[in-house]
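Engineer: First, the structure itself, so that you have it in front of you.
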Amino acid sequence: MDGNKYTHKVGYIDPAKALLNHGFKVCDENKIYQYYNPKAATFSKGKNGLRKIITQHYQNSGYTDSGYLTIRFVINCEGEAGRYIIHENHLDLNPTKLEPQMVEHLFELTSQLKKWNPNIIKGEPKDSYMFITYRIENGKIVEILP
């Protein structure tokens, strides 16, 4: 099998297609790790802090959609977030388009989470991919993953 056939890992986020990428810098463009390897990248206030911020600021403005809204991004070695992409799926995981205002609202809330703890590999902070998935039922956030 040709080892050079695939130039990027499965979770690669193309900077040219990413949102809020202008001025965002990674420390090593060729080595962006997954968030869970080996000391996970985390939100500075922990998962409960993240959940609290989102639920306090999320306003259901009559949204009725159900599905999964996943926002993927990069946390650089300095704990800054950027390079966002959005995936929208039905609860059966098939791709869909959710209410645009709801998607924009959750994207704004997610992109305002500024202070992250970068992934640590061999004692050094590294760039890593991260995601937040909102499970939404009838416009209400019922779960935030991971």
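Engineer: Does the range 119-136 hold any residues that are closer than 17 Å to LYS47 by Cβ and open to solvent by 30 Å² or more (accessible area, probe 1.4 Å), and which are they?
Structural biologist: Answer for the range 119-136, where residues must be closer than 17 Å to LYS47 by Cβ and open to solvent by 30 Å² or more (accessible area, probe 1.4 Å): PHE131, ARG135.
Engineer: Filter the range 17-28 down to residues that are open to solvent by less than 90 Å² (accessible area, probe 1.4 Å) and part of a loop (DSSP other than H, G, I, E, B) and give me whichever is modelled with the lowest pLDDT.
Structural biologist: Residue satisfying both the conditions and the ranking: ASN21.
Engineer: Any residue at all in the range 8-16 that is closer than 18 Å to LYS140 by Cβ and in a loop (DSSP other than H, G, I, E, B)?
Structural biologist: Taking every residue of the range 8-16 in turn, none turns out to be closer than 18 Å to LYS140 by Cβ and in a loop (DSSP other than H, G, I, E, B).
Engineer: Does PRO146 fit the bill of being at pLDDT below 95, within 14 Å of ARG51 (Cα to Cα) and either out of contact with any Leu (no Cβ under 6 Å at 6 or more places or on another chain) or hydroxyl-bearing (Ser, Thr, Tyr) (or both)?
Structural biologist: Yes: the conditions hold for PRO146.
Engineer: So which residues in the range 73-98 are touching an Asp or Glu at 6+ places or on another chain (Cβ under 8 Å) and either buried (at least 18 other Cβ atoms within 10 Å of the Cβ) or among the polar types (S, T, N, Q) (or both), if there are any at all?
Structural biologist: VAL74, ILE75, ASN76, CYS77, THR96, LEU98
Engineer: Given the criteria assigned to a helix (DSSP H, G or I), without any contact (Cβ under 8 Å) to a residue 60 or more places away in the chain and either more than 23 Å from GLY23 (Cα to Cα) or under 16 Å from the mean Cα position of the chain (by Cα) (or both), does HIS87 qualify? Quick ask: steps written out before the conclusion?
Structural biologist: On the way: assigned to a helix (DSSP H, G or I): no; without any contact (Cβ under 8 Å) to a residue 60 or more places away in the chain: yes; either more than 23 Å from GLY23 (Cα to Cα) or under 16 Å from the mean Cα position of the chain (by Cα) (or both): yes.
So HIS87 does not fit the description; no.
Engineer: Working only within the range 37-59, note down all residues that are in contact with a strand residue (DSSP E or B) (Cβ under 8 Å, 6 or more places away or on another chain), part of a loop (DSSP other than H, G, I, E, B) and open to solvent by 70 Å² or more (accessible area, probe 1.4 Å).
Structural biologist: Across the range 37-59, the qualifying residue is only PRO38.
Engineer: Moving to a separate point now. Here are ASP127, ASP65, ASP92: which of them is of a type outside the set (A, V, I, L, M, F, W, C) and under 19 Å from TYR12 (Cα atoms)?
Structural biologist: Answer to the check: ASP127.
Engineer: Hey, another quick one. Does the range 104-112 include one or more residues that are among the charged types (D, E, K, R), in contact with a helix residue (DSSP H, G or I) (Cβ under 7 Å, 6 or more places away or on another chain) and not in a strand (DSSP E or B)?
Structural biologist: no
The values are calculated or read from the model by the stated rules, or taken from the named source; none is laboratory data. Computed from a predicted model, the values in this text were never measured in an experiment. Backbone-built Cβ (ideal geometry, glycine too); neighbour counts: all protein chains shown. The area values use the complete protein model at the heavy-atom level, side chains included, leaving out ligands, DNA and RNA. Shrake-Rupley method; radii C 1.70, N 1.55, O 1.52, S 1.80 Å.
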